[in-house]
Amino acid sequence: MSFKTIFIICATVLITVILMQNQDEVLFKILWKEMYVSKLAMMLSLTFIGFIIGLILGRPKSKPEQKQIPLEIENTENVITNTENKSSLSDEDRDYIS
């Protein structure tokens, strides 16, 4: 298993344990409003929001399209076209292999 898979499994188990231990209701003050909300609901919603933000920031960036530049060879006399020895091995390589 990869490191990423092991990390995700451990993080999921840890988050589940923490959420199950905090089920009681507490008073939350959000700006000017006070309300009783269970710790479980608040922590679960914040974990979900953090997960969504992580997905958005962690996705791979799209690469801009690259323009195709035509390749022109002006001087074709200097191009080496040795096709007979391309796939053959040298004598040293044959001795090393055998």
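Just so it is clear, none of the values below were taken in a lab; they were calculated from the coordinates. Nothing here was measured: the structure is a model prediction, and the numbers come from that model. Ideal geometry is used to build each Cβ from the backbone, glycine not excepted, and the neighbour counts take in all protein chains shown.
Here are some notes:
- Working from label points 7 Å from Cα in the Cα-to-Cβ sense, the THR47 to SER62 distance is 3.3 nm.
- Relative exposure of THR47, THR16, judged by other C-beta atoms within 10 Å (fewest first): THR16, THR47
- Karplus-derived 3J(HN,Hα), 6.51/-1.76/1.60, for each residue of segment 35-42, Hz, glycine and proline x: 8, 8, 9, 6, 4, 4, 5, 5
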